[in-house]
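Report on the following structure.
Just so you know, all these numbers are worked out from the coordinates, no wet-lab data involved. All values reported here derive from a predicted model rather than from experimental measurement. In this analysis, Cβ positions are derived from the backbone assuming ideal geometry, glycine residues included, and neighbour counts consider all displayed protein chains.
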Amino acid sequence: MSGKTTDGLDLSEQVKAIQAELLGLTETIRSFTSQKAEAGADAFRDAAHAASETVRSSAEDARRRGEHLAEDIEGRITANPVPSVLIAAGIGLVIGALIGRR
């Protein structure tokens, strides 16, 4: 009978050891998952920052090109006011004729 008690204690200790290992594995998995989630969040944050910088840079380039175009047009109008007025009037007449036909 003492053999059964010893076997029962051994089994109980083995179950406790397995539980301890499962707890350790659970903590390891939790830690690994947390690290991967943080790494994913960091990568997403970096990608969003890079995209933001690209959009900001593109918007700034477009603004500068628009300003240069406006300055160029203004310079041409100032240099040639009569032809500029005649061209604007002609464009207005064409647009008016197209709208009037509808």
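Checking G66, G100 one by one, the residue that is exposed (fewer than 10 other Cβ atoms within 10 Å of the Cβ) and of a type in the set (G, A, S) is G100 and no other. Among the residues of region 71-85, are any assigned to a helix (DSSP H, G or I), over 45 Å from the mean Cα position of the chain (by Cα), exposed (fewer than 10 other Cβ atoms within 10 Å of the Cβ) and free of Cβ contacts under 8 Å to residues at least 40 places away in the same chain? So far as region 71-85 goes, yes, one or more of its residues are assigned to a helix (DSSP H, G or I), over 45 Å from the mean Cα position of the chain (by Cα), exposed (fewer than 10 other Cβ atoms within 10 Å of the Cβ) and free of Cβ contacts under 8 Å to residues at least 40 places away in the same chain.
Out of E53, E38, E13, one residue alone is over 17 Å from the mean Cα position of the chain (by Cα) and either under 30 Å from A88 (Cβ atoms) or without any contact (Cβ under 8 Å) to a residue 40 or more places away in the chain (or both). It is E13.
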